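**Student:** Sharing a structure below in structure tokens format, with a few things to ask.
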Amino acid sequence: MDETKRQAIRDLLIEYGLLLDDDKLEAWVELFTADCDYRIVTRENVEQNLPNVLIWCKGKNMLADRITSYRHVNEYNLHWDCHTISPPRIAAEADGSWRVAASYSLFQTTLEGQSRLFSVGRYRARVVFNDNAPRIREMVVVADTGSILTLLATPI
Amino acid sequence: MTTPLNVNWPRDDYSRVPFWLYHDDDVYALEMERIFRGPVWNYLALDAELPNAGDFRTTWIGETSVVVSRGQDGIVHAFVNRCAHRGAQVVRKTHGNAIEHVCIYHRWCYSNEGDLIGVPFRRGLKGQGGMPADFDPKQHGLRRLRVESFHGVLFGSFATDESSGAARLESLHDYLGEFGRTMIARFFTRPICIMGYHRQLVHGNWKLYAENLRDTYHASLLHEFFVRYGLDRATQKGGVKMDERHRHNMNHAYAGTDSQDEARAAYADQKGVEVDRLQLRDTGFLKFVPEFTDGMNLAAPTIFPNFLLIQISNSLATRQIRPKGKDAFEIFQTMFAYADDTPEMIEHRMLQTNLVGPAGYVSMEDGEAIEIAHRMSATTLNDHTVIEMGGRGAITDTVHRLTEGPIRGFWSYWAELMDVEATGGVR
């Protein structure tokens, strides 16, 4: 039972990265619970106990709005994303949820095929199971790369 | 020090800027000398970031690393972060608290005020070695900047008594002018607290960003989110206001002074912008809680050369331009709130941080706009920009935002400091 859930969480994280990389952002939003909390913060702020955010979506609606705005309104550097995510550390919590931590590297590639390292950092997530399907209730992306190259339009 | 610069301005009102001025190594070197180390006041940091004696933060003036430090005397000092001995970086952290600053290379030691207070083996050992007897530590402190605070905003200048620019340096009071003083005071009527920082590295010349901050024409065209939710659009009451020398500028707007229908009509013919395209599910975070008596929901005073203070609805920030070579600059943004904010207001301000910064709904586009301008202007250095929105000739305040006048104001003062003013150039 426990190992089944752990495997489901590992698969969730793989899906998370591939959906972003395949530009299936609307499907990526569906990996979250309705009451989710998604933040991108930087290590520079975290280490000073400063709450500042780059992106803060309080609830799935705000997360979906980020994607809608990206699709229809915002202008940004045209690129493809490529995430590399480490095997996660998974710990069961007393309330039945799971603490998940992993490292990521995110490369960006221009439409003419030039790649650059865009961001590295950590995922700190809380995963819950709804009808045996793992969903992300909380995701804090702690970016070591606090100096954002050009701009940040697509989720990490 | 550097070769004299010669600029052939196509027009004397700075409505044409030659592209090579964004891409030239000599221009860039001269800017570091005549602008950032010249007779100007540069934004350093906020007083609230250094509450205690010994607190320090490293910041940048042009490409010079500067330490801002609260001395044991309680006064804020600023000094160049370069050891007087061999030129090494003394302070390597971004911030902290220290009773002294020790260069790791040979452990030369400096006080919180930047004075040299320790040289290891200065007297030698057993009568051997050591510094010459007449070595005077007082002559080898870290290079000090002049520092002044206005309502807790710390400014520094390299134009100290020993430098050539000193005679031209105005007091901070005069430099900001009534315009700058009024605007800064507006933001700091209550004690603030620091929420944190944003950094954005843009691959473009720093002047493209100085222009962007003075460009009210682009705001409601590039940033469609602004238009959709009435945060800033040309149909609203607002305008630009400059100091007498047109080096500083303030873009401002009043939300709710136009209707969605008016905006629809005005933007109907503007390609690429659609007032009603975006339909958000959760617009709660966009709520504007009025907190300034003037009713402005957008106020963005820009102080030459490196400072912006910006309110967009209830998000509050300072921004500092940090040039990183002629082809890049960092936007360093400090988000702040008021110390007496309720927890709900703090959360509201944090949610509105979604609007600003490198990932901001109404700001991310600038990074891309500047990079494409930098990229392509580099390929036609002898061509130039065309800056005529709002008219040619004299540079004036307006009660609308369809103007690029403040960009010409920036260039006019830039040319004065660089000693390359157009013949009969407007000021």
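**Student:** Could you give each residue of the stretch B:98-115 its phi-based ³J(HN,Hα) in whole Hz, using Karplus coefficients 6.51, -1.76, 1.60 with θ = phi - 60°, and x for Gly or Pro?
**Tutor:** Result, rounded to whole Hz: 8, 8, 6, 10, 10, 5, 6, 5, 10, 6, 5, 10, 10, 7, 4, 9, x, 7.
**Student:** Now for a separate question. Given a 1.4 Å probe and heavy atoms of the protein chains only, how would you sort B:Glu404, A:Glu30, largest accessible area at the top?
**Tutor:** Descending order: A:Glu30, B:Glu404.
**Student:** Taking amide H atoms as placed 1.01 Å from N in the peptide plane, list the residues 5 or more away in sequence, or in a different chain, whose amide H sits under 5 Å from that of B:Tyr110.
**Tutor:** When sequence neighbours closer than 5 places are left aside, the close amide H contacts are B:His101, B:Val102, B:Cys103, B:Ile117.
**Student:** Taking only DSSP H segments of four or more residues, each worth -39500 (n - 2.57), what value at 222 nm results for the protein assembly as shown once the sum is divided by all its residues, to the nearest 500 deg cm²/dmol?
**Tutor:** For the protein assembly as shown, the value works out to -6500 deg cm²/dmol.
**Student:** Compute the FRET efficiency between B:Asn52 and B:His218 as 1/(1 + (r/R0)^6), taking r as their Cβ-Cβ distance and R0 = 51 Å, and round to the nearest 0.05.
**Tutor:** The computed FRET efficiency comes out at 0.75.
**Student:** Accessible area per residue of the stretch A:2-143 at 1.4 Å probe, in Å²?
**Tutor:** Computed with neighbouring chains in place, this is 46 Å² per residue.
**Student:** Would you pull out the residues with amide H under 5 Å of A:Arg137's amide H, same chain only if 5 or more places away, H placed 1.01 Å from N?
**Tutor:** The answer is A:Thr33, A:Arg126, A:Val127, A:Val128.
**Student:** Now a separate question. Report the relative contact order of the stretch A:60-156, percent, no decimals, based on alpha-carbon pairs under 8 angstrom and at least 6 residues apart.
**Tutor:** Computed over the stretch A:60-156, the figure is 22 percent.
**Student:** For the stretch B:122-150 and the stretch B:356-407, compute the distance between their C-alpha centroids and round to whole Å.
**Tutor:** Result: 47 Å between the Cα centres.
**Student:** Chains B and A: buried accessible surface, both sides, probe 1.4 Å, rounded to 100 Å²?
**Tutor:** In total, chains B and A hide about 3400 Å² from solvent.
**Student:** Take the Cβ-Cβ distance between B:Ala133 and B:Ile104 as r, set R0 to 35 Å, and report the resulting FRET efficiency rounded to the nearest 0.05.
**Tutor:** Once the sixth-power term is evaluated, E becomes 0.85.
**Student:** Write out the trypsin sites (Lys or Arg not before Pro) in the stretch B:45-88 meeting two conditions: DSSP loop, and at most 13 other Cβ atoms within 10 Å of their Cβ.
**Tutor:** Of the trypsin sites (Lys or Arg not before Pro), the ones in loops of the stretch B:45-88 whose Cβ has at most 13 other Cβ atoms within 10 Å are B:Arg86.
**Student:** When only C-alpha pairs under 8 Å and at least 6 residues apart count, what is the relative contact order of the stretch B:52-145, in percent?
**Tutor:** Reported as a whole number, the value is 25 percent.
**Student:** Using θ = phi - 60° and the Karplus form 6.51 cos²θ - 1.76 cosθ + 1.60, what ³J(HN,Hα) does each residue of the stretch B:196-212 get, whole Hz, x for Gly and Pro?
**Tutor:** Once θ is set to phi - 60°, the couplings for the stretch B:196-212 become x, 10, 10, 10, 9, 9, 10, 8, x, 6, 4, 5, 5, 7, 4, 5, 4 Hz.
**Student:** List the trypsin sites (Lys or Arg not before Pro) within the stretch B:350-424 that DSSP assigns to loop and that have no more than 16 neighbouring Cβ atoms inside 10 Å.
**Tutor:** Of the trypsin sites (Lys or Arg not before Pro), the ones in loops of the stretch B:350-424 whose Cβ has at most 16 other Cβ atoms within 10 Å are B:Arg392.
**Student:** Follow-up question, since we're still on this one. List the residues whose amide H sits under 5 Å from the amide H of B:Gly390, counting only those 5 or more places along or on another chain, with H placed 1.01 Å from N in the peptide plane.
**Tutor:** Under 5 Å from the amide H of B:Gly390: B:Glu404.
**Student:** Do any trypsin sites (Lys or Arg not before Pro) in the stretch B:195-293 lie in a DSSP loop with no more than 10 other beta carbon atoms within 10 Å, and if so, which?
**Tutor:** Of the trypsin sites (Lys or Arg not before Pro), the ones in loops of the stretch B:195-293 whose Cβ has at most 10 other Cβ atoms within 10 Å are B:Lys271.
**Student:** Using a 7 Å offset from the Cα along the Cα-to-Cβ direction at both B:Ile372 and B:Thr257, what is the distance between the two label points in nm, to one decimal?
**Tutor:** A separation of 3.0 nm, rounded to one decimal place.
**Student:** How many percent of the accessible area of the stretch B:52-145 is carbon or sulfur, using a 1.4 Å probe?
**Tutor:** 49
**Student:** Could you sort the residues of the stretch B:170-201 by number and keep only those whose accessible area is reduced by 50 Å² or more in the all-protein-chain setting relative to the chain alone, 1.4 Å probe?
**Tutor:** B:Met195, B:Tyr197, B:Arg199, B:Leu201
**Student:** Taking the Cα centre of each part, how many Å lie between the stretch A:93-108 and the stretch A:26-48?
**Tutor:** 11
**Student:** Taking 51 Å as R0, compute the FRET efficiency from the Cβ-Cβ separation of B:His140 and B:Glu274 and round it to 0.05.
**Tutor:** Using R0 = 51 Å, I get an efficiency of 0.20.
**Student:** Still on this structure, please answer the following. Quick one: Cα centre-to-centre distance for the stretch B:223-257 and the stretch A:53-80, in angstrom?
**Tutor:** If we compute the Cα centre of each part, the gap is 24 Å.
**Student:** Also: Got a sec to turn the phi values of the stretch A:80-95 into Karplus ³J(HN,Hα) couplings, 6.51 cos²θ - 1.76 cosθ + 1.60 with θ = phi - 60°, whole Hz, x for Gly and Pro?
**Tutor:** After applying 6.51 cos²θ - 1.76 cosθ + 1.60, I find 10, 9, 9, 9, 10, 10, 6, x, x, 8, 10, 9, 6, 9, 4, 7 Hz.
**Student:** Kindly express, to the nearest 10 degrees and within the range 0 to 90, the angle between helix B:343-352's C-alpha long axis and the longest C-alpha principal axis of chain B.
**Tutor:** For helix B:343-352, the angle is close to 70 degrees.
The values are calculated or read from the model by the stated rules, or taken from the named source; none is laboratory data. All figures in this text were calculated on a predicted structure; none of them were measured in a lab. Every residue, glycine among them, receives a Cβ derived from its backbone with ideal geometry; neighbour counts consider all protein chains shown. Surface accessibility is based on the protein's heavy atoms, side chains included, excluding ligands, DNA and RNA. Shrake-Rupley method; radii C 1.70, N 1.55, O 1.52, S 1.80 Å.
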